[in-house]
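Q: Just passing along the structure, written as structure tokens.
The values are calculated or read from the model by the stated rules, or taken from the named source; none is laboratory data. As the structure is a computational prediction, the values presented were derived from the model and not from experiment. Note that we place each Cβ from the backbone using ideal geometry, even for glycine, and neighbour counts take in every protein chain shown.
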Amino acid sequence: MLLEVEDLCVNYGRIEAIRNVSFTVEEGEVVTLIGANGAGKTTTMKTVSGLRPVRAGTIRFKGEDITAVPPHERPVLGIAQSPEGRGCFVGMTVTENLDMGAYARTDRKTPKVKEDRDRVFGLFPRLAERRTQIAGTMSGGEQQMLAIGRALMASPTLLLLDEPSMGLAPKLIQQIFDIITEINKQGTTVLLVEQNAAQALKRAHRAYILETGEVVREGTGEELANDPAVKAAYLGGD
Ligand code: ATP
């Protein structure tokens with residue numbers, strides 16, 4: 001098992017954001033966490049990347065307990081997050097942003113980094129066209145692509161994507177999901193948080209549904225996409 005999250009509890013002060021959340025991600029999978037606003041998806045993701053401390057529970061990565069590993073050390077282990085709301089370095093160019101993503105790599109001074117940059121440009125031709133553009137002047141969708149590209153530059157085993165389709169036009173949403181599928185096919189395991197449940201379930205091998213801080217269902221993407229209760233609650237009832 002690549003990632004094992006067990007009985008995770010996270011609070012914001014007295015507010016219990018997530019309670020006893022358990023899930024697993026196997027190497028090679030796309031696993032999605034879906035749920036309504038405030039269900040605890042972002043909190044779960046931030047805890048896996050180390051940005052939120054746990055109140056209780058365990059996170060294991062490649063069999064090792066990483067619950068107490070600080071966030072800046074997790075990319076070294078192979079975990080990289082593309083944050084919700086983009087989070088590019090707005091004053092830097094596209095290329096500089098991508099290079100920042102490689103900071104934690106021990107091989108960052110080698111040609112491997114350039115190869116990975118070319119791989120990102122292959123996945124996102126739009127970024128290749130704009131490699132000298134200042135990130136802050138790019139469109140929302142382009143910045144979203146850049147944030148994903150930057151996370152990929154860490155050469156992660158596990159890529160955490162928090163709402164990659166947020167705020168994008170329908171055509172671009174399709175494109176982003178196609179790219180996520182391609183990233184997975186190229187060998188990166190993906191944990192995906194999404195409000196676009198229909199697309200996420202279609203793309204994911206397995207999924208967990210969070211409701212008010214707890215996992216209430218799990219199954220394959222297909223099982224959940226065809227489940228009447230899931231359809232009614234998350235897929236617009238169709
Ligand atoms: P969304 O889809 O709206 O982003 P989410 O499923 O990602 O929602 P979280 O952002 O993880 O949900 O929030 C889970 C709960 O924790 C919510 O009740 C939220 O109000 C609360 N919460 C999140 N961040 C904070 C914070 N910084 N301070 C206090 N409460 C917070």
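Q: Looking at the range 149-165, is at least one residue β-branched (Val, Ile, Thr) and more than 30 Å from Ile34 (Cβ to Cβ)?
A: Scanning the range 149-165, I find no residue that is β-branched (Val, Ile, Thr) and more than 30 Å from Ile34 (Cβ to Cβ), so the answer is no.
The rows are residues; the columns are (1) of a type outside the set (Ser, Thr, Tyr); (2) in a helix (DSSP H, G or I); (3) under 16 Å from the mean Cα position of the chain (by Cα).
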| position | (1), (2), (3) |
| --- | --- |
| Gly136 | yes, yes, no |
| Gln144 | yes, yes, yes |
| Ala154 | yes, no, yes |
| Leu159 | yes, no, yes |
| Leu191 | yes, no, yes |
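Q: Right, something else. Across the range 51-109, which residue is farthest from Thr132 (Cα to Cα) among those that are in contact with a helix residue (DSSP H, G or I) (Cβ under 7 Å, 6 or more places away or on another chain) and in a helix (DSSP H, G or I)?
A: Within the range 51-109, the match that is farthest from Thr132 (Cα to Cα) is Gly101.
Q: Could I ask something else about it? Mind checking which residues of the range 1-24 are among the basic types (Lys, Arg) and outside any strand (DSSP E or B)?
A: Arg14, the sole residue that qualifies.
Q: A further question follows. Please enumerate the residues belonging to the range 10-54 that are of a type in the set (A, V, I, L, M, F, W, C), away from the ligand (no atom under 12 Å from the Cβ) and surrounded by fewer than 21 Cβ atoms within 10 Å (Cβ to Cβ).
A: Phe23, Val54
Q: Just wondering, is there one or more residues in the range 121-144 that are within 22 Å of Glu73 (Cα to Cα) and modelled with pLDDT of 90 or more?
A: Scanning the range 121-144 turns up no residue that is within 22 Å of Glu73 (Cα to Cα) and modelled with pLDDT of 90 or more.
Q: On to the next question. Take the residues of the range 161-175 that are within 16 Å of the ligand (Cβ to nearest atom) and not in a strand (DSSP E or B): which is surrounded by the fewest Cβ atoms within 10 Å (Cβ to Cβ)?
A: Gly167
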